[in-house]
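Taking it in order: structure first as structure tokens, then the write-up.
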There are 2 protein chains.
Amino acid sequence: MRDSSDKTPIWKAIANALRSDLAEGRYAPGDKLPTEAALADRFGVNRHTVRHGISVLVEEGLVRTRRGAGAFVAATPTDYPIGNRVRFHENLIAAGRRPEKRMLALDERTATIGEAQALQIEAGDPVCAYHGLSLADGQPIAVFESLFPLARLGGITAALKETSSVTQALSVVGIDDYTRASTRLTAVRATATHALLLHVAEGDPLLRSSSLNHSQGGLPVEYGRTWFAGDRVTLTLEA
Amino acid sequence: MRDSSDKTPIWKAIANALRSDLAEGRYAPGDKLPTEAALADRFGVNRHTVRHGISVLVEEGLVRTRRGAGAFVAATPTDYPIGNRVRFHENLIAAGRRPEKRMLALDERTATIGEAQALQIEAGDPVCAYHGLSLADGQPIAVFESLFPLARLGGITAALKETSSVTQALSVVGIDDYTRASTRLTAVRATATHALLLHVAEGDPLLRSSSLNHSQGGLPVEYGRTWFAGDRVTLTLEA
DNA sequence: CTTTCCTATACAACTATACATATCTTATCA
DNA sequence: TGATAAGATATGTATAGTTGTATAGGAAAG
């Protein structure tokens, strides 16, 4: 009887080696791993074998890859508390991450039937549509679309053009405070557009939030829909 | 025509044929043998019969195989003298082989109890850990980890980042000469990580050397552990 | 009947190479 | 200063070839 050595496949050994590197903190979240070619050279194996090993870590959510850019240590999923006051930037800053908001579109149009119902206005009434992208540490986190009823919030479009902060823009048009009236959550598959913006694959799961914010007077001032990248955000519910 | 009286098995005949090819220098060390399919075709036998013959040469250490790549003529084991002055590169160059050193990791951490004892420092004191791979003619020979006490050798990390030569880096921080104070040798089985780096099978025997180098002043300046691929190196003791 | 030798087939694991596609970097020009 | 183009990098995909392993079976020898 020869010693039948219980053998670990090379790809698994590579996955283990990289995983322990991550566990030891050799690479910080967001850091770029060595390129596949460099790792293949280091271990003296073919690039495909390295790719197999890395794919394990991607599968586990420890690593994210971007074609043409590299493989990166996955950022810790952002805990995102949902309460009656949701402020995107504050949450991210509290989590020690660098938030960024990028405006994609800002225009005035008429409300659809569903939107009008949510905002308690008439279908066809003018609204301000604010479309944007939220990032943390340069990584896209969510796509959002906010609708504001122009009848109640004249001048919000111009205000948003300046600040890009919803809270601040609402303040300009006289809404000093607002609270979340309702939040609905569902999981959807990423459309091509959302996938492109969020740097995920088409069909990847997204967390969609539909929320309604009321003014102190109890009237709807904002109807927002947000698509979160499912593997980068964890929503937490407060009591 | 001794078809009826031929009592040597085909696989043994193939082994002999290949062995004499090697003895005649038909293949140089490092050369690739014909593929199993080609040999099977040449001898007019099944691939498994050829594999059996090749496996004999692998047992004898004349041939090394790499899955997916082929069978290669093994390089003769490197004689590696162990004395009070051990310089890796010089030994390999003297043996007519092309040495190469590859840095795997370089970081500063705190010493474990055993490491501290060897280096005559306190447990938890900062050390510089230099992890690397040594190759000869592109073939991995040994994995090593060198520890340097930062209290006595401030700046060694930066120096190693530049030179990758231990002797040179020690010179930068004021250690112009050092000698081996002790060397301990044991045989261990290859872990998955070591097997991966050394291109051996998991569980294969490795030669592990723990050595301590002192400065001229008699203080420990380096505590090194090295894992040699057992079939690729022979350690020799000097008087 | 059992063991050894050899054949046959199929699949898994790894290598080698080429090319496509996305990203990053740098030079260049207006 | 900023925009653009070009080149270098890096990951994604496809194809083919090679060794490793498992299984099954036939033929000859002890």
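The values are calculated or read from the model by the stated rules, or taken from the named source; none is laboratory data. Please read these numbers as outputs of a predicted model, since none were measured by experiment. Positions of Cβ are generated from backbone atoms using ideal geometry, with glycine treated the same way; all protein chains shown enter the neighbour counts. Each accessible area value is taken on the protein alone, full model and side chains, heavy atoms only, with ligands, DNA and RNA left out. Shrake-Rupley method; radii C 1.70, N 1.55, O 1.52, S 1.80 Å.
At a glance:
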| read-out | value |
| --- | --- |
| Nearest-ten-degree value, helix B:47-60 long axis tilted from longest Cα axis of chain B | 40 |
| Size of electric dipole in the protein assembly as shown: Cβ of Lys, Arg +1 and of Asp, Glu -1, about Cα centre, debye, nearest 20 | 1060 |
| Table column - 3J(HN,Hα) (Hz), region B:100-106, Karplus curve with 6.51, -1.76, 1.60, x for Gly and Pro | 8, 10, 10, 7, 9, 7, 8 |
| Chain-alone versus full-assembly comparison, region A:30-44, residues with accessible loss of at least 10 Å² (1.4 Å probe) | A:41, A:42, A:43, A:44 |
| 21 Å Cα-Cα reach of residue A:101 towards lysines, excluding residues that sit fewer than 8 places from it in its own chain | A:161 |
| Dipole of region B:109-239, positive end: most advanced residue of B:138, B:112, B:160 [Cβ charges, Cα centre] | B:112 |
| Under the Karplus curve 6.51 cos²θ - 1.76 cosθ + 1.60, θ = phi - 60°, whole-Hz ³J(HN,Hα) for region A:9-18, x wherever Gly or Pro sits | x, 4, 4, 6, 4, 5, 4, 5, 4, 5 |
| Cβ-Cβ FRET estimate between residue A:113 and residue A:32, R0 fixed at 41 Å, reported to 0.05 | 0.30 |
| Share of Cα-Cα pairs in region A:10-73 lying beyond 14 Å, as whole percent | 51 |
| Cα centre as origin, Lys/Arg/Asp/Glu Cβ charges: chain B dipole, Debye | 620 |
| Residue range of chain B that is longest and free of trypsin sites (Lys or Arg not before Pro) which are both DSSP loop and sparsely packed (at most 15 other C-beta within 10 Å) | B:88-239 |
| Inter-chain shielding of B:59-68 (mean C-beta neighbours from other protein chains, 10 Å cut-off) | 1 |
| For residue A:172, inter-copy label distances in nm, listed shortest first [label point 7 Å out on the Cα-Cβ vector] | 5.5 |
| Amide N of region A:174-197 lying under 13 Å from the label point, which is placed 7 angstrom from the Cα of residue A:67 along Cα→Cβ | A:196 |
| Label spacing, shortest first and in nm, from residue B:79 to its equivalents in the remaining copies (7 angstrom along Cα→Cβ) | 6.5 |
| Region A:153-196 shape via C-alpha gyration tensor axes, a/c threshold 1.5 | oblate |
| Shielding by other protein chains, B:193-199, mean Cβ within 10 Å | 5 |
| Centre separation in Å (Cα based) which lies between region B:159-194 and region B:1-60 | 42 |
| Residues with amide H under 5 Å from that of residue B:202, placed H, sequence gap 5 or more | A:8 |
| Protein-only accessible surface order, largest first, of B:183, A:65 at 1.4 Å | A:65, B:183 |
| Placed amide H near residue B:104: partners under 5 Å, 5+ positions off or other chain | B:131, B:132, B:133 |
| Accessible-area ranking of B:175, B:141, largest first, probe 1.4 Å | B:175, B:141 |
| Compactness of region B:182-233, expressed as Rg and Dmax over alpha-carbon positions, Å | 13.3, 42 |
| For residue B:234, residues with placed amide H under 5 Å, excluding near neighbours | B:78, B:79, B:80 |
| Selection from A:15, A:71, A:43 lying farthest towards where the dipole of region A:10-73 points positive, charges on Cβ | A:71 |
| For residue B:161, inter-copy label distances in nm, listed shortest first [label point 7 Å out on the Cα-Cβ vector] | 4.9 |
| Region A:175-184 - phi-based ³J(HN,Hα) in whole Hz, Karplus 6.51/-1.76/1.60, Gly and Pro as x | 9, 7, 8, 8, 10, 7, 8, 7, 9, 10 |
| The protein assembly as shown: calculated mean residue ellipticity at 222 nm from DSSP helix runs of at least 4, using -39500 (n - 2.57) | -8500 deg cm²/dmol |
| Solvent-accessible surface (1.4 angstrom probe) belonging to residue A:11, in square angstrom, nearest 10 | 70 |
| Inter-label distance, nm, simple model (7 Å from Cα along the C-beta direction), residue B:43/residue A:122 | 9.4 |
